[in-house]
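Novice: Here's a structure for you.
The values are calculated or read from the model by the stated rules, or taken from the named source; none is laboratory data. Remember, predicted model here, so these are calculated numbers, not experimental data. Neighbour counts are summed over all protein chains in view; Cβ atoms, including those assigned to glycine, are modelled from backbone coordinates with ideal geometry. Areas reflect the complete protein model, heavy atoms only, side chains present, ligands, DNA and RNA absent. Shrake-Rupley method; radii C 1.70, N 1.55, O 1.52, S 1.80 Å.
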Amino acid sequence: MFPLKDPIIVFTVLVFTMLAAPLLAKRLRVPDLVLLLGAGTLLGPNGFGMLERNSAVTLFGSVGLLYIMFLAGLDIDLHRFARIRRPSIIFGLLTFAVPQGLGTLAGRYVLGFDWPASILLASMFASHTLLAYPIASRLGIARTEPVAVTVGATIITDTLALLVLAVIADFTRGERLGVTFWAGIGLGMSLLVLFIWWGIPALTRWFLQNVTEEGGAQFLFVLLTVCGSAYLSHFAKVEPIIGAFLAGAAFNRLIPENSVLMNRVVFTGHTLFIPFFLISVGMLVDPGALVASPQSWLVAVTMVVMVIATKYMAAWLTGLLFGYGHNARHVMFGLSVVQAAATLAAVLVGYDLKIFDEAVLNGAILMIAVTCPLGAWMVERNGRRLADLAQPHEALAGLEQRLLVPVANPAYASRILELAFLLRDTARPGAIHPITIVPDGKDTEAAVARGERLLAQCLSEAASVEIPVSPSVRLDVNTSDGIVRAVKELRAGVVLAGWGSSRAFSARIFGTVMNNLLDACPSRLYFCRLVRPLNTTRRLVLPLPPLAERRGDFGPMLRDAKFLARQIGAELRVHLSEPGNTALVRKVEKASPSCPLAIVQSDSFAGARAELLSGAGPDDLFLIPGERRDGVLWTPTLDGLPELLAARFPENSLLVVYPALAGEWEEALPEEKAEEESAAVFALHPVELGDGTGLDAALREMVRSAFPEDVMLAREARRLLAASAGSYPVEMAPGVALIHGHSELLRRPAVIVGRGRGGWELPNTRTAPHVLIALLSPKDQPPERHLKSLAELARRFHDPAFAGQVDGAVSAADICAVLGGLPPSARGRCDGGFGRG
């Protein structure tokens, strides 16, 4: 009866396994790859013998291995790596060198392997897979420096581990490791990197501009390119998985995260190819050999112990070098200890080349089975503590985001929907609302049917990227009136509309519907002229006119620009027309999220416009800040810029964004409410200081206690507070002094209360204060808010009852409780608010 021979029943068993394993893994709370490997072992020749590891399984498994490495390259955040490259490079080198060095010695002198096998074995310890990263993202610590450093280090350690694999594989095949070999592999790798890094983006942009995603052509092109890059690796004398990994890094800039193509790439890999690969590897495992041979147990235990010990040592050393705390080090260890993708690649190549036997293969499976839950547990346990200590981010994630997309042209609807998918922040709740306005006339029933068919197409587009949509057909005599009513009913924050279809150029750019919307639509408006696929964009060009920072939507517009640039892998090029406006430059640089950024400064808006026109390229996307005609910042020059760009560059896409109407609607926008609310809330940090603590030591202890996981922020805060204490401290009451400053690294206002038993000699104070209140505000926050906070503190201390409560407090925590309006018995770290009325 066994093994099964009928290809239909074989495929049925495999599909059932791929279906059941993830469902069972969710119940057991273990990674599904562990169950897929176990299922392969049970079904394979060394288990129940139901399935053979035949050519079909091997073929799909080989593609699955390439797919794992491709997705690893696709998931790397290259821009974040560039921003924190120094600690990332150091941790990457440490988390490679420590396991590689100690692992090689263990393989040679503990397990008795020869040197090539020992080196290849150690490379399995050196690499890691970020399977626990989704846990960090869910806990809200994905943007903290320790997590970002670990993600960046993955690029270094996995690349080096794969190069070790390539060298050992070539040596085993009979290559001599002389000058000729190293020169050949160096030249081959250089040519391979050059072709993949520059050739693939150019070829992909050409293909995407000429072929739509209908029928899955773009997905097949990606698959063809990945397999082709893997095959070309042979000519560079490296393993195919390196070519697949590099192809993933190259596509990193070309496949937006929230796109139909990305959804198809990830879905196919995780649903089909990667499960096939895991099952095929599981078929190679021989549990009987592990039970029968003491040597197998020695190999397996040594592998598990070495990977845990060396990865912990690397994380501990990096934390020591950069001053990361206990929780941060354990999160870095949890993220970097997990073994999966590169480990499976190395052990499979080593097994196929007869470098490893079944004992190492079994040991690798056991190592994966141990490190996956261990890494997840470490990140979950210590990540919660790190999240409690980390600086909170802007309170935008919990606010609902509503985007309204009026659609009328079936050919154009998918392009505007794609833009809506890219602009929507998946970390925030809310939906996209496609609507079609049907004229209320004689043939209403047929018009409604046409609108429903159009919206069905929108639903299909949204389903392919798993984004919630809420479509509707609306009857109205006037199209623009129908859109405005929908905006008001849905409380939509943004409307994305296309250009009109009139033959007259002026009507096509500024048609009747557009004029009516500009007059009456209360929300922010995007008018979109999309003539190219968005993911073929190299640069997103944003000219900022004079006084741009006074626009009501400056913050949301800048966030949208950076978010869109990050999604499509483009550089954001900002043209400034106010030389010397360092505050505006800082706002542009510090705005979230981060993305590749270039700032071009000109003497005037005319100069910025000339620079924009002369430097525009064929792959540029223009984002123009428009102004409504009754707005105080409206100028004829700015008003005519979209029409000029459309005429001068007809092959370039163009977006024009208008702020919300001034008045009560602007106050109701989610972005504005979030900004005001986040500005009103302070993080309060009580710090008890010992007897005889000097001022410098007191400030050091205060910032270290307030920001234990952010060494750079603590260092800058100490410098700012020391300067304030030495020059302009404010005596709030006898024994109480206020110092303050603006930090570029701070995301949320903070108040640190330090209480000592002695006193500190400060200038401009009548008594030696024993209580220091340190107010720190983000540097990109308007100075009015900082001054308002200072005034509110001063007003409170002028109240004798309030000053008496502070004077009678017996601890720093009690003072925090008084400042935050909490009962005096409150203890520990607390959050309070000032200026709430």
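Novice: For the range 435-461, which positions are outside any helix (DSSP H, G or I), at pLDDT below 70 and surrounded by 12 or more Cβ atoms within 10 Å (Cβ to Cβ)?
Specialist: Matches in the range 435-461: Asp440 only.
To keep it simple, each residue is scored yes or no on (1) within 26 Å of Pro533 (Cβ to Cβ); (2) in contact (Cβ under 8 Å) with a residue 24 or more places away in the chain.
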| position | (1), (2) |
| --- | --- |
| Leu203 | yes, no |
| Asn210 | yes, no |
| Phe219 | yes, yes |
| Tyr231 | no, no |
| Ser259 | yes, yes |
| Thr268 | yes, yes |
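Novice: Which of the residues that make up the range 286-300 are in contact with a helix residue (DSSP H, G or I) (Cβ under 8 Å, 6 or more places away or on another chain) and either open to solvent by 10 Å² or more (accessible area, probe 1.4 Å) or among the hydroxyl-bearing types (Ser, Thr, Tyr) (or both)?
Specialist: Asp286, Pro287, Ala289, Leu290, Ser293, Gln295, Ser296, Trp297
Novice: Exactly one of (1) at pLDDT 85 or above; (2) surrounded by 24 or more Cβ atoms within 10 Å (Cβ to Cβ); (3) β-branched (Val, Ile, Thr); (4) out of contact with any Gly (no Cβ under 6 Å at 6 or more places or on another chain) is unmet by Val337. Its number?
Specialist: If we test Val337 against (1) at pLDDT 85 or above; (2) surrounded by 24 or more Cβ atoms within 10 Å (Cβ to Cβ); (3) β-branched (Val, Ile, Thr); (4) out of contact with any Gly (no Cβ under 6 Å at 6 or more places or on another chain), just (4) comes out false.
Novice: Please specify each residue of the range 1-41 satisfying the condition of being modelled with pLDDT under 90 and among the hydroxyl-bearing types (Ser, Thr, Tyr).
Specialist: Thr41
Novice: Quick one: in the range 153-185, of everything that is within 25 Å of the chain's Cα centre (by Cα) and either among the hydroxyl-bearing types (Ser, Thr, Tyr) or not in a helix (DSSP H, G or I) (or both), which residue is farthest from Thr95 (Cα to Cα)?
Specialist: Only one residue tops the list, namely Thr159.
Novice: Okay, next question. Answer yes or no as to whether Phe527 is under 28 Å from the mean Cα position of the chain (by Cα) and either among the aromatic types (Phe, Trp, Tyr) or open to solvent by 30 Å² or more (accessible area, probe 1.4 Å) (or both).
Specialist: Judged against the criteria, Phe527 is a match.
Novice: Please go through the range 596-652 and pick out each residue that is among the aromatic types (Phe, Trp, Tyr), under 30 Å from Gln209 (Cα atoms) and surrounded by fewer than 18 Cβ atoms within 10 Å (Cβ to Cβ).
Specialist: Residue satisfying the conditions is Phe649 alone.
Novice: Related question: Would it be correct to say that Ile279 is open to solvent by less than 20 Å² (accessible area, probe 1.4 Å) and part of a helix (DSSP H, G or I)?
Specialist: In short, yes.
Novice: Give the residues of the range 809-835 that are outside any loop (DSSP other than H, G, I, E, B), modelled with pLDDT under 80 and open to solvent by less than 70 Å² (accessible area, probe 1.4 Å), sorted by residue number. Break it down stepwise before answering.
Specialist: First pass over the range 809-835, keeping only residues outside any loop (DSSP other than H, G, I, E, B): 812-819, 830-833.
From what's left, modelled with pLDDT under 80: 819, 830-833.
Answer for the range 809-835, where residues must be outside any loop (DSSP other than H, G, I, E, B), modelled with pLDDT under 80 and open to solvent by less than 70 Å² (accessible area, probe 1.4 Å): Leu819, Cys830, Gly832, Gly833.
Novice: One residue is enough: does the range 508-515 have a residue meeting the conditions of a type in the set (D, E, K, R), at positive phi and either at pLDDT below 80 or surrounded by 17 or more Cβ atoms within 10 Å (Cβ to Cβ) (or both)? I'd like the intermediate steps shown before the answer.
Specialist: First, pick out the residues of the range 508-515 that are of a type in the set (D, E, K, R): 508.
From what is left, the residues that are at positive phi are none.
No, every residue in the range 508-515 fails to be of a type in the set (D, E, K, R), at positive phi and either at pLDDT below 80 or surrounded by 17 or more Cβ atoms within 10 Å (Cβ to Cβ) (or both).
Novice: Quick one: is Gly248 open to solvent by less than 10 Å² (accessible area, probe 1.4 Å), touching a Phe, Trp or Tyr at 6+ places or on another chain (Cβ under 6 Å) and part of a helix (DSSP H, G or I)?
Specialist: On the way: open to solvent by less than 10 Å² (accessible area, probe 1.4 Å): yes; touching a Phe, Trp or Tyr at 6+ places or on another chain (Cβ under 6 Å): yes; part of a helix (DSSP H, G or I): yes.
Yes; evaluated as a whole, the condition is true for this residue.
Novice: On to the next question. Taking the range 18-38, which residues are closer than 17 Å to Cys372 by Cα, open to solvent by less than 40 Å² (accessible area, probe 1.4 Å) and part of a helix (DSSP H, G or I)?
Specialist: Those that are closer than 17 Å to Cys372 by Cα, open to solvent by less than 40 Å² (accessible area, probe 1.4 Å) and part of a helix (DSSP H, G or I): Ala21, Ala25, Leu33, Val34, Leu36, Leu37, Gly38.
Novice: Do you know which residues across the range 799-822 are under 44 Å from the mean Cα position of the chain (by Cα) and of a type in the set (D, E, K, R)?
Specialist: Correct list: Asp814 only.
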